[in-house]
Amino acid sequence: MKLKYLMFASVLSWLPVTSAVASGQVEVLHWWTSSGEAKSVKVLKQMMEQQHHSWKDFAVAGGGGESAMTVLKMRAVSGNPPTAAQLKGHDIQEWGRLGFLTSLDDVAQQERWDHVLPPVVAKIMKYKGHYVAVPINVHRVNWLWVNPQVLNAAGVKVPTTLDAFFVVADKVKAAGFIALAHGGQPWQDATLFESIALAVLGSADYHKAFVDLDMAVINSDKMVAVFRQFKRMKAYIDPESKGRHWNATTEMVINGQAAMQFMGDWAKGEFAQANKQAGKDYLCVPAPGTQNQFTFNIDSLAFFKLKGTEVDNIAQYDLAQTLLTPSFQRIFNLNKGSIPVRLDMDMTAFDQCALDSMQAFKQASLSGDLVPSFSQNLATTADVQSAIVDVVSEFFNQADPDPKLAPPRLARAIKSAI
Ligand code: GAL
(Lines give C-alpha, C1' and ligand atoms only; values in the text may rest on other atoms or scores of the structure.)
Protein backbone atom coordinates (compact mmCIF):
# COMPACT_ATOMS: atom_id res chain seq x y z
CA MET A 1 0.00 0.00 0.00
CA LYS A 2 1.15 3.51 -0.74
CA LEU A 3 3.03 4.95 2.24
CA LYS A 4 0.94 8.07 2.09
CA TYR A 5 -2.21 6.13 2.78
CA LEU A 6 -0.64 4.13 5.57
CA MET A 7 0.21 7.45 7.19
CA PHE A 8 -3.19 8.73 6.22
CA ALA A 9 -4.88 5.81 7.98
CA SER A 10 -2.95 6.50 11.16
CA VAL A 11 -3.99 10.13 11.04
CA LEU A 12 -7.61 9.19 10.51
CA SER A 13 -7.52 7.05 13.64
CA TRP A 14 -7.29 10.15 15.81
CA LEU A 15 -9.11 12.70 13.66
CA PRO A 16 -12.79 13.40 14.46
CA VAL A 17 -14.97 10.92 12.54
CA THR A 18 -16.60 13.70 10.54
CA SER A 19 -13.30 14.69 8.93
CA ALA A 20 -13.04 13.03 5.52
CA VAL A 21 -9.68 14.38 4.39
CA ALA A 22 -6.32 15.14 5.94
CA SER A 23 -5.71 18.86 5.67
CA GLY A 24 -2.18 19.90 6.40
CA GLN A 25 -0.23 23.01 5.68
CA VAL A 26 2.70 23.52 3.38
CA GLU A 27 5.02 26.46 3.72
CA VAL A 28 7.27 26.95 0.71
CA LEU A 29 10.17 29.36 0.56
CA HIS A 30 10.92 30.77 -2.89
CA TRP A 31 11.96 33.96 -4.66
CA TRP A 32 9.41 33.90 -7.44
CA THR A 33 7.94 37.35 -7.06
CA SER A 34 7.90 38.86 -10.57
CA SER A 35 4.53 38.78 -12.30
CA GLY A 36 5.34 35.73 -14.48
CA GLU A 37 6.90 33.91 -11.54
CA ALA A 38 4.02 34.68 -9.17
CA LYS A 39 1.58 33.29 -11.70
CA SER A 40 3.60 30.07 -11.82
CA VAL A 41 3.67 29.69 -8.03
CA LYS A 42 -0.08 30.21 -7.91
CA VAL A 43 -0.49 27.00 -9.90
CA LEU A 44 1.21 25.05 -7.12
CA LYS A 45 -0.83 26.78 -4.44
CA GLN A 46 -4.05 25.90 -6.24
CA MET A 47 -3.04 22.29 -6.72
CA MET A 48 -2.25 21.94 -3.03
CA GLU A 49 -5.56 23.54 -2.10
CA GLN A 50 -7.37 21.14 -4.41
CA GLN A 51 -5.87 18.41 -2.21
CA HIS A 52 -7.35 20.22 0.83
CA HIS A 53 -4.05 21.50 2.14
CA SER A 54 -3.41 25.12 2.98
CA TRP A 55 -0.59 27.08 1.41
CA LYS A 56 1.58 29.41 3.43
CA ASP A 57 3.55 31.53 1.04
CA PHE A 58 7.12 32.29 2.07
CA ALA A 59 8.32 34.54 -0.74
CA VAL A 60 11.55 36.50 -0.34
CA ALA A 61 12.03 38.91 -3.24
CA GLY A 62 15.31 39.10 -5.10
CA GLY A 63 16.22 37.36 -8.37
CA GLY A 64 19.01 34.83 -7.99
CA GLY A 65 17.80 34.04 -4.46
CA GLU A 66 20.53 35.63 -2.34
CA SER A 67 18.14 37.21 0.17
CA ALA A 68 16.00 34.05 0.23
CA MET A 69 19.03 32.00 1.26
CA THR A 70 19.84 34.38 4.12
CA VAL A 71 16.29 34.13 5.46
CA LEU A 72 16.25 30.35 5.06
CA LYS A 73 19.42 29.98 7.14
CA MET A 74 17.89 32.02 9.96
CA ARG A 75 14.71 29.94 9.97
CA ALA A 76 16.52 26.60 9.80
CA VAL A 77 19.04 27.48 12.51
CA SER A 78 16.22 28.54 14.84
CA GLY A 79 14.71 25.05 14.40
CA ASN A 80 11.73 26.13 12.35
CA PRO A 81 12.38 25.30 8.68
CA PRO A 82 9.63 25.52 6.05
CA THR A 83 8.11 22.41 4.45
CA ALA A 84 10.30 22.96 1.40
CA ALA A 85 12.58 25.61 0.01
CA GLN A 86 13.88 26.58 -3.40
CA LEU A 87 17.43 25.19 -3.30
CA LYS A 88 19.60 24.38 -6.26
CA GLY A 89 22.61 22.34 -7.28
CA HIS A 90 25.42 22.11 -4.73
CA ASP A 91 23.31 23.84 -2.08
CA ILE A 92 21.19 20.69 -1.86
CA GLN A 93 24.28 18.66 -0.95
CA GLU A 94 25.30 21.29 1.59
CA TRP A 95 21.91 21.24 3.37
CA GLY A 96 21.90 17.43 3.19
CA ARG A 97 25.31 17.30 4.88
CA LEU A 98 24.04 19.55 7.65
CA GLY A 99 21.26 17.03 8.33
CA PHE A 100 18.27 19.30 7.60
CA LEU A 101 16.70 17.42 4.69
CA THR A 102 14.24 14.55 4.73
CA SER A 103 14.25 11.49 2.48
CA LEU A 104 11.70 11.42 -0.33
CA ASP A 105 12.53 7.88 -1.41
CA ASP A 106 8.98 6.59 -0.77
CA VAL A 107 7.31 9.05 -3.05
CA ALA A 108 10.17 8.73 -5.56
CA GLN A 109 9.69 4.98 -5.77
CA GLN A 110 5.93 5.26 -5.91
CA GLU A 111 6.14 7.77 -8.75
CA ARG A 112 9.11 6.13 -10.52
CA TRP A 113 11.24 9.30 -10.52
CA ASP A 114 14.33 7.36 -11.57
CA HIS A 115 12.51 6.49 -14.80
CA VAL A 116 10.96 9.84 -15.64
CA LEU A 117 13.96 12.09 -14.86
CA PRO A 118 17.15 12.54 -16.88
CA PRO A 119 19.96 10.90 -14.84
CA VAL A 120 21.94 14.18 -14.78
CA VAL A 121 18.99 15.81 -13.01
CA ALA A 122 18.20 12.92 -10.66
CA LYS A 123 21.79 12.97 -9.41
CA ILE A 124 21.52 16.61 -8.31
CA MET A 125 18.34 15.83 -6.32
CA LYS A 126 19.90 13.06 -4.24
CA TYR A 127 22.01 13.27 -1.13
CA LYS A 128 24.01 10.08 -0.56
CA GLY A 129 21.76 8.26 -3.01
CA HIS A 130 18.46 9.37 -1.41
CA TYR A 131 16.08 11.85 -2.98
CA VAL A 132 15.87 14.97 -0.79
CA ALA A 133 14.74 17.45 -3.46
CA VAL A 134 12.36 17.52 -6.41
CA PRO A 135 13.20 19.21 -9.72
CA ILE A 136 10.59 21.44 -11.26
CA ASN A 137 11.94 22.56 -14.59
CA VAL A 138 14.89 23.13 -16.86
CA HIS A 139 15.73 26.75 -17.60
CA ARG A 140 18.16 27.59 -20.39
CA VAL A 141 20.29 30.53 -19.34
CA ASN A 142 22.08 31.38 -22.60
CA TRP A 143 19.25 33.24 -24.31
CA LEU A 144 19.06 36.65 -25.93
CA TRP A 145 15.64 38.33 -25.77
CA VAL A 146 15.03 40.63 -28.70
CA ASN A 147 12.50 43.30 -29.64
CA PRO A 148 12.28 42.89 -33.45
CA GLN A 149 10.58 46.29 -33.94
CA VAL A 150 13.60 48.02 -32.44
CA LEU A 151 15.98 46.07 -34.66
CA ASN A 152 13.85 46.92 -37.69
CA ALA A 153 13.86 50.59 -36.78
CA ALA A 154 17.67 50.46 -36.65
CA GLY A 155 17.81 48.48 -39.91
CA VAL A 156 19.64 45.48 -38.46
CA LYS A 157 19.15 41.74 -38.13
CA VAL A 158 19.36 39.48 -35.09
CA PRO A 159 23.05 38.90 -34.24
CA THR A 160 24.23 35.31 -34.06
CA THR A 161 27.89 35.92 -33.16
CA LEU A 162 29.50 38.22 -30.61
CA ASP A 163 31.15 40.23 -33.41
CA ALA A 164 27.75 40.73 -35.04
CA PHE A 165 26.28 41.69 -31.67
CA PHE A 166 28.60 44.70 -31.36
CA VAL A 167 27.86 45.83 -34.94
CA VAL A 168 24.12 45.58 -34.28
CA ALA A 169 24.41 47.27 -30.88
CA ASP A 170 26.26 50.25 -32.41
CA LYS A 171 23.50 50.74 -34.98
CA VAL A 172 20.72 50.40 -32.41
CA LYS A 173 22.45 52.95 -30.22
CA ALA A 174 22.89 55.32 -33.16
CA ALA A 175 19.15 54.99 -33.89
CA GLY A 176 18.42 56.34 -30.39
CA PHE A 177 17.53 53.16 -28.48
CA ILE A 178 19.18 51.41 -25.55
CA ALA A 179 20.99 48.51 -27.23
CA LEU A 180 21.44 46.32 -24.17
CA ALA A 181 18.89 46.10 -21.37
CA HIS A 182 20.89 45.18 -18.31
CA GLY A 183 20.11 45.22 -14.61
CA GLY A 184 23.17 46.24 -12.61
CA GLN A 185 23.06 43.64 -9.85
CA PRO A 186 25.96 41.24 -9.23
CA TRP A 187 24.02 38.09 -10.23
CA GLN A 188 22.85 39.76 -13.45
CA ASP A 189 26.41 40.88 -14.25
CA ALA A 190 27.40 37.22 -13.78
CA THR A 191 24.55 36.04 -16.02
CA LEU A 192 25.79 38.28 -18.84
CA PHE A 193 29.41 37.25 -18.26
CA GLU A 194 28.46 33.57 -18.31
CA SER A 195 27.00 33.68 -21.82
CA ILE A 196 30.05 35.55 -23.10
CA ALA A 197 32.36 33.02 -21.42
CA LEU A 198 30.42 30.19 -23.03
CA ALA A 199 30.80 31.76 -26.48
CA VAL A 200 34.47 32.68 -26.14
CA LEU A 201 35.74 29.61 -24.26
CA GLY A 202 33.54 26.93 -25.85
CA SER A 203 31.78 24.27 -23.77
CA ALA A 204 34.86 22.19 -22.87
CA ASP A 205 36.87 25.09 -21.47
CA TYR A 206 33.77 26.59 -19.84
CA HIS A 207 33.41 23.28 -17.99
CA LYS A 208 37.09 23.20 -17.08
CA ALA A 209 36.94 26.75 -15.73
CA PHE A 210 33.67 26.84 -13.82
CA VAL A 211 33.03 23.20 -12.89
CA ASP A 212 36.52 21.66 -12.61
CA LEU A 213 38.01 24.99 -11.45
CA ASP A 214 41.06 24.31 -13.62
CA MET A 215 43.49 27.17 -12.99
CA ALA A 216 45.13 26.70 -16.41
CA VAL A 217 41.88 27.89 -18.03
CA ILE A 218 40.80 30.32 -15.32
CA ASN A 219 44.07 32.21 -15.53
CA SER A 220 44.58 32.10 -19.29
CA ASP A 221 44.71 34.35 -22.36
CA LYS A 222 41.34 32.95 -23.37
CA MET A 223 39.91 34.25 -20.11
CA VAL A 224 41.44 37.67 -20.83
CA ALA A 225 39.51 37.56 -24.11
CA VAL A 226 36.29 36.79 -22.18
CA PHE A 227 36.77 39.83 -19.94
CA ARG A 228 37.66 41.96 -22.97
CA GLN A 229 34.33 41.14 -24.66
CA PHE A 230 32.49 41.54 -21.37
CA LYS A 231 33.93 45.03 -20.93
CA ARG A 232 32.72 46.05 -24.40
CA MET A 233 29.12 45.45 -23.25
CA LYS A 234 29.35 48.42 -20.88
CA ALA A 235 29.06 50.84 -23.80
CA TYR A 236 25.51 49.73 -24.64
CA ILE A 237 23.87 49.94 -21.22
CA ASP A 238 21.82 52.93 -20.01
CA PRO A 239 23.05 55.00 -17.04
CA GLU A 240 20.07 53.98 -14.86
CA SER A 241 21.02 50.31 -14.91
CA LYS A 242 22.44 50.13 -11.37
CA GLY A 243 20.39 47.95 -9.01
CA ARG A 244 17.60 47.40 -11.51
CA HIS A 245 15.72 44.12 -11.14
CA TRP A 246 15.82 41.64 -14.00
CA ASN A 247 12.08 41.85 -14.66
CA ALA A 248 12.10 45.67 -14.83
CA THR A 249 14.94 45.19 -17.32
CA THR A 250 12.90 42.75 -19.41
CA GLU A 251 10.12 45.34 -19.36
CA MET A 252 12.42 47.69 -21.31
CA VAL A 253 12.64 45.15 -24.13
CA ILE A 254 8.89 44.52 -23.96
CA ASN A 255 8.02 48.21 -24.31
CA GLY A 256 10.58 48.94 -27.04
CA GLN A 257 12.86 51.15 -24.99
CA ALA A 258 15.68 48.65 -25.42
CA ALA A 259 16.59 46.13 -28.11
CA MET A 260 18.09 43.09 -26.39
CA GLN A 261 18.62 41.40 -23.02
CA PHE A 262 20.80 38.45 -22.06
CA MET A 263 18.72 36.49 -19.55
CA GLY A 264 17.51 32.98 -18.77
CA ASP A 265 14.11 31.95 -20.07
CA TRP A 266 12.27 32.99 -16.91
CA ALA A 267 12.17 36.26 -18.91
CA LYS A 268 9.59 34.63 -21.15
CA GLY A 269 7.13 34.61 -18.27
CA GLU A 270 7.22 38.42 -18.31
CA PHE A 271 6.57 38.61 -22.06
CA ALA A 272 3.68 36.19 -21.62
CA GLN A 273 2.21 38.25 -18.78
CA ALA A 274 2.35 41.31 -21.06
CA ASN A 275 0.38 39.30 -23.67
CA LYS A 276 3.29 39.29 -26.10
CA GLN A 277 3.71 36.52 -28.61
CA ALA A 278 6.97 34.68 -29.24
CA GLY A 279 8.18 34.99 -32.84
CA LYS A 280 6.05 38.09 -33.44
CA ASP A 281 6.30 40.64 -30.62
CA TYR A 282 9.59 39.29 -29.32
CA LEU A 283 12.27 36.80 -30.32
CA CYS A 284 14.12 34.26 -28.22
CA VAL A 285 17.45 33.37 -29.80
CA PRO A 286 20.56 31.69 -28.41
CA ALA A 287 23.00 34.16 -26.86
CA PRO A 288 25.37 35.20 -29.69
CA GLY A 289 27.99 32.56 -30.40
CA THR A 290 26.29 29.84 -28.31
CA GLN A 291 23.94 28.36 -30.91
CA ASN A 292 24.35 24.68 -30.01
CA GLN A 293 25.25 25.13 -26.38
CA PHE A 294 23.05 25.02 -23.33
CA THR A 295 23.79 26.40 -19.86
CA PHE A 296 21.23 24.76 -17.62
CA ASN A 297 19.54 26.01 -14.48
CA ILE A 298 17.27 23.56 -12.72
CA ASP A 299 14.84 24.88 -10.13
CA SER A 300 14.13 22.46 -7.36
CA LEU A 301 12.47 22.35 -3.97
CA ALA A 302 14.38 20.66 -1.18
CA PHE A 303 12.33 19.11 1.62
CA PHE A 304 13.02 19.67 5.30
CA LYS A 305 12.62 17.39 8.31
CA LEU A 306 9.47 18.65 10.02
CA LYS A 307 8.55 18.84 13.65
CA GLY A 308 4.89 19.45 12.79
CA THR A 309 1.86 17.20 12.97
CA GLU A 310 1.26 14.10 10.89
CA VAL A 311 -1.15 15.94 8.60
CA ASP A 312 1.66 18.29 7.75
CA ASN A 313 3.79 15.27 6.81
CA ILE A 314 1.01 14.12 4.51
CA ALA A 315 0.86 17.59 3.00
CA GLN A 316 4.62 17.47 2.51
CA TYR A 317 4.31 14.11 0.75
CA ASP A 318 1.54 15.48 -1.49
CA LEU A 319 3.64 18.52 -2.34
CA ALA A 320 6.58 16.36 -3.43
CA GLN A 321 4.30 14.15 -5.47
CA THR A 322 2.47 17.04 -7.15
CA LEU A 323 5.64 18.70 -8.44
CA LEU A 324 6.42 15.96 -10.90
CA THR A 325 2.89 15.22 -12.11
CA PRO A 326 2.50 15.87 -15.85
CA SER A 327 -0.33 18.36 -15.23
CA PHE A 328 1.74 20.50 -12.84
CA GLN A 329 4.79 20.24 -15.07
CA ARG A 330 2.77 21.45 -18.04
CA ILE A 331 0.96 24.42 -16.48
CA PHE A 332 3.85 25.60 -14.30
CA ASN A 333 6.38 25.55 -17.11
CA LEU A 334 4.03 27.18 -19.60
CA ASN A 335 3.87 30.15 -17.21
CA LYS A 336 7.48 30.08 -16.07
CA GLY A 337 9.19 30.01 -19.48
CA SER A 338 11.14 26.84 -18.70
CA ILE A 339 10.70 23.36 -20.12
CA PRO A 340 9.36 20.38 -18.15
CA VAL A 341 11.95 18.23 -16.44
CA ARG A 342 10.13 14.95 -17.17
CA LEU A 343 11.40 13.19 -20.26
CA ASP A 344 7.97 11.89 -21.30
CA MET A 345 5.94 15.09 -21.62
CA ASP A 346 3.55 15.99 -24.41
CA MET A 347 4.89 19.33 -25.67
CA THR A 348 1.97 20.33 -27.91
CA ALA A 349 0.88 23.32 -25.80
CA PHE A 350 4.39 24.82 -25.71
CA ASP A 351 5.62 27.69 -27.92
CA GLN A 352 8.59 27.80 -30.28
CA CYS A 353 11.01 29.07 -27.58
CA ALA A 354 10.23 26.05 -25.41
CA LEU A 355 10.43 23.63 -28.35
CA ASP A 356 13.80 25.13 -29.34
CA SER A 357 14.98 24.81 -25.77
CA MET A 358 13.91 21.16 -25.54
CA GLN A 359 15.62 20.39 -28.85
CA ALA A 360 18.81 22.21 -27.81
CA PHE A 361 18.78 20.43 -24.42
CA LYS A 362 18.62 16.99 -26.04
CA GLN A 363 21.20 17.81 -28.71
CA ALA A 364 23.60 19.47 -26.27
CA SER A 365 23.46 16.52 -23.89
CA LEU A 366 24.68 14.30 -26.74
CA SER A 367 27.37 16.65 -28.04
CA GLY A 368 28.93 17.58 -24.68
CA ASP A 369 27.55 21.13 -24.90
CA LEU A 370 25.22 20.83 -21.93
CA VAL A 371 26.92 22.68 -19.08
CA PRO A 372 25.70 23.83 -15.67
CA SER A 373 25.16 27.54 -15.13
CA PHE A 374 27.46 29.01 -12.51
CA SER A 375 25.54 32.25 -12.30
CA GLN A 376 22.50 30.23 -11.18
CA ASN A 377 24.29 28.04 -8.59
CA LEU A 378 24.41 24.86 -10.66
CA ALA A 379 28.12 24.55 -11.40
CA THR A 380 29.93 24.90 -8.14
CA THR A 381 29.63 25.51 -4.40
CA ALA A 382 27.97 28.65 -3.03
CA ASP A 383 31.37 29.90 -1.78
CA VAL A 384 33.13 29.54 -5.12
CA GLN A 385 30.16 30.95 -6.96
CA SER A 386 30.09 34.06 -4.81
CA ALA A 387 33.86 34.49 -5.28
CA ILE A 388 33.37 34.39 -9.07
CA VAL A 389 30.39 36.73 -8.97
CA ASP A 390 32.29 39.25 -6.81
CA VAL A 391 35.24 39.42 -9.21
CA VAL A 392 33.05 39.60 -12.30
CA SER A 393 30.75 42.26 -10.90
CA GLU A 394 33.53 44.36 -9.45
CA PHE A 395 35.28 44.31 -12.84
CA PHE A 396 32.11 45.34 -14.65
CA ASN A 397 31.45 48.23 -12.30
CA GLN A 398 34.85 49.85 -12.69
CA ALA A 399 35.00 52.82 -15.05
CA ASP A 400 37.84 51.43 -17.14
CA PRO A 401 38.77 47.92 -15.98
CA ASP A 402 41.85 46.14 -17.32
CA PRO A 403 40.89 42.71 -18.78
CA LYS A 404 44.46 41.44 -18.28
CA LEU A 405 44.25 41.87 -14.51
CA ALA A 406 40.93 40.06 -14.11
CA PRO A 407 41.90 36.37 -14.67
CA PRO A 408 44.67 36.31 -12.02
CA ARG A 409 42.27 38.02 -9.64
CA LEU A 410 39.61 35.42 -10.49
CA ALA A 411 42.09 32.61 -9.88
CA ARG A 412 43.05 34.01 -6.47
CA ALA A 413 39.43 34.48 -5.41
CA ILE A 414 38.46 30.95 -6.46
CA LYS A 415 41.49 29.39 -4.73
CA SER A 416 40.61 31.08 -1.48
CA ALA A 417 36.99 29.86 -1.69
CA ILE A 418 37.70 26.19 -2.49
C1 GAL B 1 16.76 32.06 -10.70
C2 GAL B 1 15.70 30.99 -10.68
C3 GAL B 1 14.75 31.22 -11.78
C4 GAL B 1 14.27 32.65 -11.84
C5 GAL B 1 15.39 33.68 -11.58
C6 GAL B 1 14.92 35.11 -11.35
O7 GAL B 1 17.68 31.84 -9.67
O8 GAL B 1 16.30 29.74 -10.86
O9 GAL B 1 13.68 30.34 -11.66
O10 GAL B 1 13.24 32.81 -10.99
O11 GAL B 1 16.18 33.31 -10.50
O12 GAL B 1 14.16 35.23 -10.21
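For the range 178-200, how many residues meet the condition of being hydrophobic (A, V, I, L, M, F, W, C) and in contact with a Lys or Arg (Cβ under 6 Å, 6 or more places away or on another chain)? Qualifying residue count, the range 178-200: 1. Taken together, the criteria place Thr250 among residues that are buried (at least 23 other Cβ atoms within 10 Å of the Cβ), within 15 Å of the ligand (Cβ to nearest atom) and hydroxyl-bearing (Ser, Thr, Tyr).
In the set (1) surrounded by fewer than 19 Cβ atoms within 10 Å (Cβ to Cβ); (2) touching a Ser or Thr at 6+ places or on another chain (Cβ under 9 Å), the condition left unmet by Thr325 is number (2). Considering (1) touching a residue at least 60 places away in the same chain (Cβ under 8 Å); (2) crowded, with 21+ Cβ neighbours inside 10 Å; (3) within 22 Å of Lys222 (Cα to Cα), the lone condition that Thr160 does not fulfil carries the number (2). When Lys126 is tested against (1) more than 30 Å from Ala181 (Cα to Cα); (2) in contact (Cβ under 8 Å) with a residue 60 or more places away in the chain, only condition (2) is not met.
Summed over the range 347-372, the residues that are in contact with an Asp or Glu (Cβ under 9 Å, 6 or more places away or on another chain) and within 15 Å of His139 (Cβ to Cβ) give a count of 4. Scanning the range 328-374 for residues that are in contact with a Gly (Cβ under 8 Å, 6 or more places away or on another chain), assigned to a loop (DSSP other than H, G, I, E, B) and either among the β-branched types (Val, Ile, Thr) or crowded, with 23+ Cβ neighbours inside 10 Å (or both) gives Gly337, Ser373.
Candidates Ala174, Ala179, Ala133: the one that is more than 23 Å from Phe294 (Cβ to Cβ) and crowded, with 24+ Cβ neighbours inside 10 Å is Ala179. In the set Gly155, Gly99, only one residue is out of contact with any Cys (no Cβ under 7 Å at 6 or more places or on another chain) and under 20 Å from Leu283 (Cβ atoms); that residue is Gly155. Among helices (runs of 4 or more DSSP H) entirely within the range 90-152, having at least 1 residues that are aliphatic (A, V, I, L, M), within 16 Å of the ligand (Cβ to nearest atom) and modelled with pLDDT of 95 or more singles out 119-125.
Remark: Met47 falls outside the filter, which requires a residue to be without any contact (Cβ under 8 Å) to a residue 12 or more places away in the chain and outside any strand (DSSP E or B). Here Val341, Val391 are screened, and the one residue that is free of Cβ contacts under 8 Å to residues at least 40 places away in the same chain and touching a Leu at 6+ places or on another chain (Cβ under 7 Å) is Val391. The residue of the range 209-223 that is farthest from the chain's Cα centre (by Cα), among those that are surrounded by fewer than 18 Cβ atoms within 10 Å (Cβ to Cβ) and within 26 Å of Asp163 (Cβ to Cβ), is Asp221. For the range 39-66, taking the residues that are over 15 Å from the mean Cα position of the chain (by Cα) and within 16 Å of the ligand (Cβ to nearest atom), the one that is surrounded by the most Cβ atoms within 10 Å (Cβ to Cβ) is identified as Leu44. Look at the range 55-78: where a residue is at positive phi and a partner is assigned to a helix (DSSP H, G or I) and near the ligand (Cβ under 9 Å from one of its atoms), sitting 6+ places away or on another chain with Cβ atoms under 6 Å, you get Gly64/Trp187. Taken together, the residues in the range 278-311 that are under 30 Å from Ser54 (Cβ atoms), more than 16 Å from the ligand (Cβ to nearest atom) and touching a Phe, Trp or Tyr at 6+ places or on another chain (Cβ under 8 Å) amount to 2.
For Ile314, the stated conditions do not hold, so it cannot be described as within 16 Å of the ligand (Cβ to nearest atom) and farther than 26 Å from Ala259 by Cβ. Restricting attention to the range 253-272 and to residues that are over 18 Å from the mean Cα position of the chain (by Cα) and crowded, with 24+ Cβ neighbours inside 10 Å, the residue that is farthest from the ligand (Cβ to nearest atom) turns out to be Ala259. Condition check for Asn275 on (1) more than 30 Å from Asn80 (Cα to Cα); (2) away from the ligand (no atom under 15 Å from the Cβ); (3) in contact (Cβ under 8 Å) with a residue 40 or more places away in the chain: one failure, at (3). Selection of the range 74-89 for residues being away from the ligand (no atom under 16 Å from the Cβ) and either assigned to a loop (DSSP other than H, G, I, E, B) or polar (S, T, N, Q) (or both) yields Ser78, Gly79, Asn80, Pro81, Pro82, Thr83.
The values are calculated or read from the model by the stated rules, or taken from the named source; none is laboratory data. No experiment lies behind these values; they were computed from the predicted model shown. As a convention, Cβ positions derive from the backbone with ideal geometry for all residues, glycine included, and neighbour counts pool all protein chains shown.
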